[in-house]
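The values are calculated or read from the model by the stated rules, or taken from the named source; none is laboratory data. Keep in mind that what you see is a predicted model, and the values were worked out from it rather than measured. Cβ coordinates were reconstructed from backbone atoms using ideal geometry, including for glycine residues, and neighbour counts include every protein chain displayed.
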Amino acid sequence: MVTLADVAKEAHVSKMTVSRVINHPEKVTKELQKIVFEAMAKLDYQPNLAARALASHKTRIIKLFILEEMSVVEPYYMTLLVGISKQLEKHGYTLQVTPKLELNPGLCDGYIITGLRELDYSKLAAFHKPLILFGDNRHGYDFVDNDNYEGLRLATHYALKCGYEHLVYVGTDIEEPFELKRRQGYLDVLAESKLQSELYFCANHSHVAANLIKAKVAQWQANTCFICASDRIALGVSRALKASGKAVGEDFGVIGHDGVFLDQVGDLTTIKQPILEMGQALVEILLAKINGQDSSNYQRIYKSKLVVRTSTRKETDAYATNHLSDLS
C-alpha cells in the first residue's frame, strides 16, 4: 500500500510538504502542488478523505444549488458543472447538486448557488457557511459572472460593422441583473450611433422566440439584425426567419449570447462566455473563503468573446464610414 512517505520520497520533498499540499493546497505554490500531484498520480496514491475531514473539522462537501429549470439552461450548466467538479476534485472535495434552495441545507463546508431570483435572497439568511453566487446581484453577495453589458455592446457593434441598419433586440422576460445589463448594452450602442431601438421579450425557449418572430416577420425589411439575449432565443429567431424564406446571414442577421450550442449548431454568430473558467473560479473563491483567506477579490467578472459564424454577413467598411465619424 502506497503511503505518504512514498509520495514524499518520489517528489523529493518532506512528508509535511505532501500533507500540506493535500490538506491546504492554497498554502503552497502551484509549482510544488504540480510536483506532489504528479508523484501521487505516478504512485496511484489515494488520500483518506474521511480522515482528512476529521482532522480538519471539515466535511469536504460543497453543495451546488441549481435553481433554474434545466430544460431552459442546458447544456449551459453541464459545462459549468465540469469546471466546478474538476476544480473540487483537485482539492479533494465532493460535490452535491440540488435543485431546491433548502432552508436547512445540511452538512457541508460551503455553497455555490446559481439561478437566484429576487424572491430567493431572503432565504440566504439561513445559510451560515461561506457561499458564492454564479451571477451578478443587487445585494452585495460575492459572485462570478461574465460582463453581460460589454458582451451585448460587442454584439451590437459587430452588427453595425456588418452593415445592418436596423437592429432588433430579443431578450428574456426576466427582470434580473443579467438581462438588464445585456439590454442596456444594446441600448447604449444604439443611442451612441443615433439609431432607433426596437425591443421584444419572451421566455428563454427557442420555440417561444420562433413564434414571436413568425407573428411579426412581415414588419421587418432586409438589412435587419436580431441581437438576442441567449443562444436559445437566437436559434428560435433564426429558424423562424428561415421558415419564412428570409436569407439568414445575408439580408437578415442573428447574434446569440452564451456560446453553449457551438458544437451542435455551427452557423450561429454568438457572444461566447468562458463558462468552464467561471466554474473553476467559483470553486477557487469559495475555498478561499472557507480557508479564511483575504477577501479582496471575491467578485469576479469575466470578458466574453465574439465568435463569428454564418448567421451574420461579413464585416464591411460601412460602419466606419457612416458611424465612427459621427462618434469622433
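Quick check on this structure: which one of E89, E102 is assigned to a loop (DSSP other than H, G, I, E, B) and among the acidic types (D, E)?
Numbers: E89 fails: assigned to a loop (DSSP other than H, G, I, E, B).
E102 is the lone residue from the list that is assigned to a loop (DSSP other than H, G, I, E, B) and among the acidic types (D, E).
Of all residues in the range 138-151, how many are more than 18 Å from I84 (Cβ to Cβ), touching a helix residue (DSSP H, G or I) at 6+ places or on another chain (Cβ under 6 Å) and crowded, with 18+ Cβ neighbours inside 10 Å? Quick ask: steps written out before the conclusion?
Within the range 138-151, the subset more than 18 Å from I84 (Cβ to Cβ) is 138-140, 147-151.
Of the ones still in play, those that are also touching a helix residue (DSSP H, G or I) at 6+ places or on another chain (Cβ under 6 Å) are 139, 148-149.
With crowded, with 18+ Cβ neighbours inside 10 Å added as a condition, the list becomes 148-149.
Of the residues in the range 138-151, 2 are more than 18 Å from I84 (Cβ to Cβ), touching a helix residue (DSSP H, G or I) at 6+ places or on another chain (Cβ under 6 Å) and crowded, with 18+ Cβ neighbours inside 10 Å.
Under the condition of being part of a strand (DSSP E or B) and free of Cβ contacts under 8 Å to residues at least 60 places away in the same chain, which residue from the range 237-257 is farthest from L268 (Cα to Cα)? It would help to see each step written out before you state the result.
Taking the range 237-257 first, the residues part of a strand (DSSP E or B) are 248, 252-257.
Filter once more, so that each one left must be free of Cβ contacts under 8 Å to residues at least 60 places away in the same chain: 252, 254, 256.
Details: F252: 13, V254: 7, G256: 7 Å.
The qualifying residue farthest from L268 (Cα to Cα) is F252.
Restricting attention to the range 215-236, which residues are more than 30 Å from the chain's Cα centre (by Cα) and in contact (Cβ under 8 Å) with a residue 24 or more places away in the chain?
Hits for the range 215-236 are V217, W220, Q221, A222, N223.
Filtering the range 183-227 down to residues that are touching a strand residue (DSSP E or B) at 6+ places or on another chain (Cβ under 6 Å) and assigned to a helix (DSSP H, G or I), which residue is surrounded by the fewest Cβ atoms within 10 Å (Cβ to Cβ)?
Top of the filtered list is V208.
Is at least one residue of the range 77-86 at pLDDT below 90 and either under 23 Å from N291 (Cβ atoms) or touching a Cys at 6+ places or on another chain (Cβ under 6 Å) (or both)?
First, the residues of the range 77-86 that are at pLDDT below 90: 77-79.
Right, trim to either under 23 Å from N291 (Cβ atoms) or touching a Cys at 6+ places or on another chain (Cβ under 6 Å) (or both) and you get none.
Checked against the condition, which is being at pLDDT below 90 and either under 23 Å from N291 (Cβ atoms) or touching a Cys at 6+ places or on another chain (Cβ under 6 Å) (or both), the range 77-86 yields no hits at all.
Give me a count of the residues in the range 153-179 that are surrounded by fewer than 23 Cβ atoms within 10 Å (Cβ to Cβ) and in a helix (DSSP H, G or I).
8
Return the total of residues in the range 60-76 being surrounded by 15 or more Cβ atoms within 10 Å (Cβ to Cβ), at pLDDT below 85 and of a type outside the set (V, I, T).
Here the count works out to 3.
Consider the range 9-45. How many of its residues are without any contact (Cβ under 8 Å) to a residue 12 or more places away in the chain and either in the same structural domain as G292 (by TED's automatic domain parsing) or not in a loop (DSSP other than H, G, I, E, B) (or both)?
Of the residues in the range 9-45, 9 are without any contact (Cβ under 8 Å) to a residue 12 or more places away in the chain and either in the same structural domain as G292 (by TED's automatic domain parsing) or not in a loop (DSSP other than H, G, I, E, B) (or both).
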